[in-house]
1. Per residue of segment 335-349, in order, report the coupling 6.51 cos²θ - 1.76 cosθ + 1.60 (Karplus, θ = phi - 60°) as ³J(HN,Hα) in whole Hz, putting x for Gly and Pro.
2. Which pairs in the list K131/K158; K131/K370; K295/K349 are over 30 Å apart, alpha-carbon to alpha-carbon?
3. In debye, nearest 20, what is the charge dipole magnitude of segment 9-75 about its Cα centre with +1 on Lys and Arg Cβ and -1 on Asp and Glu Cβ, if you could check?
4. Where nothing but the Cβ of Lys and Arg (+1) and of Asp and Glu (-1) is charged, how large is the charge dipole of the chain around its Cα centre, in debye to the nearest 20?
5. Between segment 287-308 and segment 352-370, what is the C-alpha centre distance in whole Å?
6. What distance in nm separates the simple spin-label points at S194 and S52, each placed 7 Å from Cα in the Cβ direction?
7. Excluding S93 itself, calculate the net charge of residues whose Cβ lies under 11 Å from the Cβ of S93, where each Lys or Arg counts +1 and each Asp or Glu counts -1.
8. List the residues, sorted by chain then number, that are 5 or more residues from L9 or on another chain and whose placed amide H is less than 5 Å from its amide H.
Amino acid sequence: MSEIESSVLTNIRYGQLITTIDEDIGESETWLIFQTAKGSNRCYTGLFCLKSWKSFRYGWFWGSIRYDMLIENALEIQNNDRTNILVAEYDDSDYIWLQPLEENENEWIPWGKLEFGTPKDDRTYPLLWAKIWSNPAQSSIKMSNIPLSEKIDSQINKTLESIGNLDLEIVHTKIDLKTEKERYLLEFHRPDDSEILYEKREPNTKEIREFLRYPRTTGLWYETEDGLKLTWDPFADVIYAEGDDPEPIEVIRPYINRSTLPPGLDFPDNAAEFESAEVREGLLLLFKRERRNWKLWLLGPDIGTRLLSLENDSYSNSQVVLLAESKYLFDRHSNSLYKIKVALDFDKKKMSIPKIFLSSPLLCSALAAKGIMVKGIRREYPDDEQDELEKE
């Protein structure tokens with residue numbers, strides 16, 4: 001492929017990837033910061049749970065939406081590991097290049113095609129998500145004649161300083177989700193305290209979904225009528241049940257965690273319908289590996305046509321986890337909540353175990369049934385694979 005001159009690039013912006021490490025707990029986060037437009041003093045800014053800039057490669061990444069974490073982390077930035085980046089437009093898309101410290105000056109490494117989600121109301125932070133994937137065309141662009149920005153260090157320092165100095169008393173909360181008297185009940189409390197800070201009651205399932213997803217879809221905190229500012233992540237901070245035993249309320253977990261769902265996946269319209277549903281057992285989800293995806297069979301009791309239509313689709317690894325983590329499936333035809341079991345059918349010699357499966361106790365049990373002993377781990381965020389791009 002012949003080289004393309006860098007003159008084809010437009011809207012060239014500079015920035016940095018900055019990794020911070022909490023030595024007390026051994027965890028690290030990485031900031032993605034770059035100018036909103038060529039020569040702009042404003043910067044898009046996001047904080048991602050990544051060990052280093054090297055981890056920010058092909059895939060989907062959720063940005064932190066917890067303002068308490070953003071403020072604390074921004075205040076602690078000093079001489080951390082910084083990697084210069086360049087973002088530019090080519091053929092109506094954004095691409096990102098990196099210049100690690102060990103590379104020669106003006107040597108830009110193609111890093112991939114970039115998409116990202118910004119908050120509402122023209123805010124530049126926090127970035128809600130970022131996605132990077134390979135595009136061979138990027139490697140053909142000649143980048144050796146593009147210098148570093150002389151002012152980007154100070155500009156990024158000012159950006160982080162402005163976040164760190166935000167005069168906001170924002171409380172990070174966990175949310176207990178349950179139903180009571182035909183209404184959903186949300187109880188907000190600090191992660192290390194059971195004292196209820198705020199309660200919300202709502203009968204409609206869709207309204208509860210939109211409320212719980214509010215920080216993730218807007219990049220904002222929620223302010224109560226009394227002026228209390230609350231922040232939470234719907235993927236990590238909603239508690240559907242205490243302990244290891246699943247509760248029927250888990251049935252709406254996929255509805256909270258995803259914006260796009262398999263057509264056959266159904267949910268009670270409201271809390272009254274949820275409370276009236278009969279809890280049953282005996283429904284087995286059998287996933288059989290095909291060439292690239294999984295085929296699903298629903299075995300056991302007679303179920304309605306909508307739920308049965310789940311058999312018509314093929315499923316990616318993350319969609320298999322999505323269904324397994326619901327722990328219950330709703331059948332509108334019989335007004336039932338079926339507690340599910342999961343089985344996997346695949347050739348152990350031809351398929352490596354997807355890491356995402358290790359986050360699901362049901363899938364770990366299904367793997368154990370095939371003689372594969374794994375230790376399940378709990379991730380903080382759902383792993384939306386590249387075939388499941390969410391833009392809200």
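Only the coordinates and a few stated rules stand behind these numbers; no lab work does. In this text the structure is predicted, and so the values were computed from the model without any measurement. Methodologically, a virtual Cβ is constructed for each residue, glycine included, from the backbone with ideal geometry; neighbour enumeration extends over all protein chains shown.
1. Ordered by residue, 3J(HN,Hα) equals 6, 10, 10, 8, 6, 9, 10, 10, 10, 10, 10, 7, 8, 4, 7 Hz.
2. Working: K131/K158 26 Å; K131/K370 34 Å; K295/K349 19 Å.
With Cα atoms farther than 30 Å apart: K131/K370.
3. Numbers: 7 positive and 7 negative charges, 129 e Å.
Using only the charged Cβ atoms, the result is roughly 620 debye.
4. Details: 49 positive and 70 negative charges, 323 e Å.
That gives the chain a dipole magnitude of about 1560 debye.
5. Here the two parts' Cα centres lie 18 Å apart.
6. 4.4
7. Values: positive: K113; negative: E89, D91, D92, D94, E115.
For residues surrounding S93, the net value is -4.
8. none
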